[in-house]
Amino acid sequence: MAPRTDPADLTAVVVDDHPAVRAGVAYWLSAGVPPVTMVAEGEDVRVAWLGEGAEADVVVLDLNLGGPVPALGDLRRLVEAGRRVVVYSMRADDGIALQCLDLGALSYLTKAESASHLVEAVHAAAWDKPYTPPSLAGALAGDRSERRPTLSSRETEVLVEWFQSESKEFVAHRLGIAASTVNSHLERIRIKYAQTGREASTKAALVARAIQDGLIGVDDL
Amino acid sequence: MTEPTSGTRSYLFADQVFPVLRIILLAIVTLVQTVLCGVPLLANHDVYDPAWVADAAFVVLALVGAACAPWVLRGRPLPAAVALPGTAVSLLAAAAATWTVPPDLHFSEVDWSFGLVGWHLFLLLAERVAVLIAALCLHVVISLGLFVVPGPPDRGAVGSGMIFLVSIIAFQFAVVVVVWVLHRRAERVGELAAERDRLRTGQALAEQRRLDHRQRFAGQLGATLPLLAGMADGTLDLRAPGTLQRVTLAATQLRRLFAENDDVPDPLVHELSACVDVAERRGLDVSLGVSGETVPVPTAIRRELTGPVITALSLARSRAKVTLLRAADDVRVAVVADSGTIDSATSGSHGTVVAWYSHGQHTRMEARWRPEPIRLT
């Protein structure tokens, strides 16, 4: 799926087993700047494969669709088809969050997080960019797995401070850097993660986008 | 002397009753051998065939008694290395002595060894009742065999022999029953003593726990008691913001203290949740984020980490975020809240570092602990 180049007509499909959540997400997305239109919604992942849902820029996927087992298989199939997926879950589980990133999800949000994080995550995904909300930053900072990438001490501090404060302005002030630099650090960390674990087209797109934006050089790969 | 432990099941009887029993048995063996056996042996010396075998058997049995004496007199049970060979030697000596007795004089006072060896067996096997019974039975069987093998005894000899045999064997088996009952009692008493020891240990531990709790509560209640006293005698103005904050602080401290005593898999998260719970009851909008795998944190350190959280939450006006991050060798507890401006400061104790930082209306408190002591920066 080709990356977005203009901010108009952003579309999303929302897969969640609670109608109220789908309605709430549709409202938040439509109120975002730029607005995102929810073109399809449903409690079954099939809505992301059929009709307008199959053409939507971003898939917002609830990981627990009516059962205790997380829908990691559905996530993997969507990513393999080149879809940009933002996982939206009830579970604040570090292991599951890291697993979703490894499968190729562009973001992982818990439902306890505010609307602004979801809108930002969907916007970023539409442009093949990662978004790291505070809870995911915590999961990355606490990652002790063997295949975790090596982060610089500044990158680790950015993750920790962002997890703790949820305010990039506060983090920037604390560390004496610009707010945009906080974003660059977060993005660079995700690029490092995208280069580990299993291969996925979304991860490759994410790295390509970072090179295109000048965030990393080809030599960094 | 070491105190008997619950692991020694029958220590009361083993330590007190059996030493006395063994001394009595040694005295009986000595007395019986000297008086009741030595006299008939000398008096009928020419009857035994050959006499030197009877003499040798007498000496051997005397030596067995003498060999037991060092342990018996020191109140120690006989080791198996002495008891079992001693038993075999005694039975052989008895068989040899009986073999020298003319067939028509079996089970009479001339057959001096028959009754004596029973006492030797008691002395040797007082702690091994099953072996004792087996050895006594073997002794009777050998004696009966030697009585029957030379030829069918006449009816008169059988009658008088049986009376002799039954009178001695019945008495000795009665003693076996007494020894067996003593053993059973010893085991029961041992079990009761072990149970009593377990109860005493449990009581001592419970008492220690109670003292620990009291001590801990006394330490933690330090801030609460003057507050309660001030409220009771009316010297505190309950409408003053400072008083409200002190009450909040004390309430959160108590709640954290109660949480500290709960048995939960992740105590630090449990105690932080307790702090968050009290703050939410106060109307504060608090969120708790936890990341990283559980690592064991000692109670004293947990207090160092949660103490500043309580303070930070008591200063928050409407909103706070509490986070716990556990990396490989680093535990970081933080509170970011809208507390207004607070002077930045860094302090530390017991390997923890607490840092306060304000920017605008927001204050960040982070309490950090590494198992290795960290340097203040």
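The values are calculated or read from the model by the stated rules, or taken from the named source; none is laboratory data. Note that the structure is a prediction, hence the values are computed from the model and not measured. Virtual Cβ from ideal backbone geometry, glycine too; neighbours counted across all protein chains shown. For accessibility, only protein heavy atoms count, side chains too; no ligands or nucleic acids. Shrake-Rupley method; radii C 1.70, N 1.55, O 1.52, S 1.80 Å.
Along Cα→Cβ, 7 Å out, is where each label goes; now give me the distance between the ones at B:I133 and B:D262 in nm to one decimal.
Taking the simple label geometry, B:I133 and B:D262 are separated by 5.9 nm.
Could you estimate the translational diffusion coefficient of chain A from the Stokes-Einstein equation, with Rh from the Kirkwood formula over C-alpha pairs, at 37 °C and 0.692 mPa s, in whole µm²/s?
189
Can you list the residues, at least 5 places off or on another chain, whose amide H is less than 5 Å from the amide H of A:T110, using H built in the peptide plane?
Long-range HN contacts for A:T110: A:S89.
Lysines near B:K321 by alpha-carbon distance under 23 Å, same-chain residues fewer than 8 away left out - which ones?
Filter leaves A:K111, A:K168.
Let me know the shape class of the protein assembly as shown, please: from the alpha-carbon gyration tensor, a ≥ b ≥ c as square roots of the eigenvalues, rounded when a/c is under 1.5, otherwise prolate if a/b is greater than b/c, or oblate.
prolate
Under a plain spin-label model, where a point goes 7 Å from the Cα along Cα-to-Cβ, how far apart in nm are B:Q361 and B:A345?
Placing both labels 7 Å along Cα→Cβ, they lie 2.4 nm apart.
For region B:11-196, what D do you get in µm² per second when you plug the Kirkwood radius from alpha-carbon pairs into Stokes-Einstein at 25 °C and 0.890 mPa s?
After rounding, the answer is 143 µm²/s.
Checking buried surface per residue: for region B:320-355, which residues lose a minimum of 50 Å² accessible area in the protein assembly relative to the chain alone (1.4 Å probe)?
Checking the loss per residue gives B:K321, B:L325, B:R332, B:V336.
When the chain is fully extended, how far beyond the present Cα-Cα distance does B:L211 get from B:D49, taking 0.36 nm per residue of separation?
Residue separation times 0.36 nm, minus the Cα-Cα distance, leaves 50.3 nm.
Using +1 on the beta carbon of Lys and Arg, -1 on that of Asp and Glu, and nothing else charged, what's the dipole of chain B about the Cα centre, debye to 20?
1660
How large is ³J(HN,Hα), in whole Hz, for each residue of region A:15-24 in order, when computed from phi with the Karplus curve 6.51 cos²θ - 1.76 cosθ + 1.60 and θ = phi - 60°, using x for Gly and Pro?
10, 7, 7, 10, x, 5, 5, 4, 5, x
Hey, any idea what % of region B:239-278's accessible area is carbon plus sulfur with a 1.4 Å probe? It would help to have the intermediate numbers written out before the result.
Numbers: 1160 of 1930 Å².
Within region B:239-278, the accessible surface is 60 percent carbon and sulfur.
Ignore the peptide's own chain and count Cβ atoms of other chains within 10 Å of each Cβ in B:357-368; give me the average, rounded.
Partner Cβ neighbours, averaged per residue: 3.
Hey, what number do you get for chain B at 222 nm if only DSSP H runs of n ≥ 4 count, each worth -39500 (n - 2.57), divided across all residues, to the nearest 500?
-21000 deg cm²/dmol
Give the angle, between 0 and 90 degrees and rounded to the nearest 10, that separates the Cα long axis of helix B:113-125 from the longest principal axis of the Cα atoms of chain B.
The two axes meet at around 10 degrees.
Order A:141-150, B:94-103, B:127-136 from most to least packed using the mean count of other Cβ atoms within 10 Å. List each step's numbers first, then the result.
Values: A:141-150: 14.8, B:94-103: 20.2, B:127-136: 17.7.
So the peptides A:141-150, B:94-103, B:127-136, ranked by packing, come out B:94-103, B:127-136, A:141-150.
Out of residues 5 or more away from A:M38 or on other chains, whose amide H comes under 5 Å of its own, with H placed 1.01 Å from N in the peptide plane?
Here the answer is A:A12, since their amide H atoms fall under 5 Å of that of A:M38.
Pick out, from B:A66, A:V79, A:W162, the residue whose Cα sits farthest towards the positive end of the charge dipole of the protein assembly as shown, with +1 on the Cβ of Lys and Arg and -1 on the Cβ of Asp and Glu.
B:A66
How would chain B be classified by its alpha-carbon gyration tensor: rounded, prolate or oblate, with rounded meaning a/c under 1.5 and the a/b versus b/c comparison settling the rest?
In terms of gyration-tensor shape, prolate.
Within 10 Å of each Cβ of A:140-150, how many other protein chain Cβ atoms are there on average?
Average neighbour count from other chains, rounded to a whole number: 3.
Restricting to bridges with both residues inside chain B, how much of the DSSP beta-bridge set is antiparallel, in percent to the nearest 5?
80
Work out the charge dipole of region B:241-369 with +1 on the Cβ of Lys and Arg and -1 on the Cβ of Asp and Glu about the Cα centre, then indicate which of B:L257, B:S344, B:A328 is farthest towards its positive end.
Comparing the listed Cα positions along the dipole, B:S344 ranks first.
Taking Cα pairs under 8 Å and at least six residues apart, what relative contact order does chain A come out at, in percent?
Values: 365 pairs, mean separation 35.4, N = 221.
It rounds to 16 percent for chain A.
Mind putting a number on the dipole of region A:10-220 about its Cα centre? Charges go on the C-beta only, +1 for Lys and Arg and -1 for Asp and Glu, and I need it in Debye to the nearest 20.
Working: 21 positive and 29 negative charges, 70 e Å.
The calculation lands at about 340 debye.
Which residues of region B:282-315 bury at least 20 Å² of accessible area once all protein chains are present, versus their chain alone (1.4 Å probe)?
Listed by number, the residues meeting the 20 Å² cut-off are B:S291, B:G292, B:E293.
Mind grabbing the accessible area of B:I142 for me, 1.4 Å probe, Å², rounded to tens?
My reading of the accessible area for B:I142 is about 60 Å².
Kindly identify region A:114-221 as rounded, prolate or oblate by the Cα gyration tensor criterion: order the square roots of the eigenvalues as a ≥ b ≥ c, call it rounded if a/c is under 1.5, otherwise compare a/b with b/c, prolate if a/b is larger, else oblate.
rounded
First select every other residue whose beta carbon is under 14 angstrom from the beta carbon of A:A20; then total the charges, Lys and Arg +1, Asp and Glu -1.
-3
Where the only charges are on Cβ atoms (+1 Lys, Arg; -1 Asp, Glu), what is the dipole of region B:11-196 about its Cα centre, to the nearest 20 debye?
700
Do the sum for chain A: with -39,500 (n - 2.57) for every DSSP H run of n ≥ 4, divided by all residues, what is the mean residue ellipticity at 222 nm, to the nearest 500 deg cm²/dmol?
-13500 deg cm²/dmol
I need the phi-derived Karplus couplings for region B:349-360: 6.51 cos²θ - 1.76 cosθ + 1.60, θ = phi - 60°, integer Hz, Gly and Pro marked x.
My calculation for region B:349-360 gives 7, 6, x, 9, 10, 10, 10, 10, 8, 10, 9, x Hz in order.
Roughly how many percent of the accessible protein surface of region A:72-175 is carbon and sulfur, given a 1.4 Å probe and a whole-percent answer?
Summing carbon and sulfur atoms, their accessible area is 48 percent of the total for region A:72-175.
Using the charge dipole of region B:11-196 (Lys, Arg: +1 at Cβ; Asp, Glu: -1 at Cβ; taken about the Cα centre), state which of B:L192, B:G38, B:W112 has its Cα farthest towards the positive end.
My answer, from the dipole projection, is B:L192.
In percent, how large is the relative contact order of region B:241-369, given Cα pairs closer than 8 Å and 6 or more residues apart?
Reported as a whole number, the value is 20 percent.
So how much accessible surface do B and A hide from each other in total, probe 1.4 Å, in square angstrom to the nearest 100?
1800
Please compute the per residue accessible area over the protein assembly as shown with all protein chains in place, 1.4 Å probe, rounded to a whole number of Å².
48
Over all directions, how big on average is the projection of the convex hull of the alpha-carbon atoms in region B:241-369, in square nanometres?
Over every viewing direction, the Cα hull of region B:241-369 projects on average to 7.4 nm².
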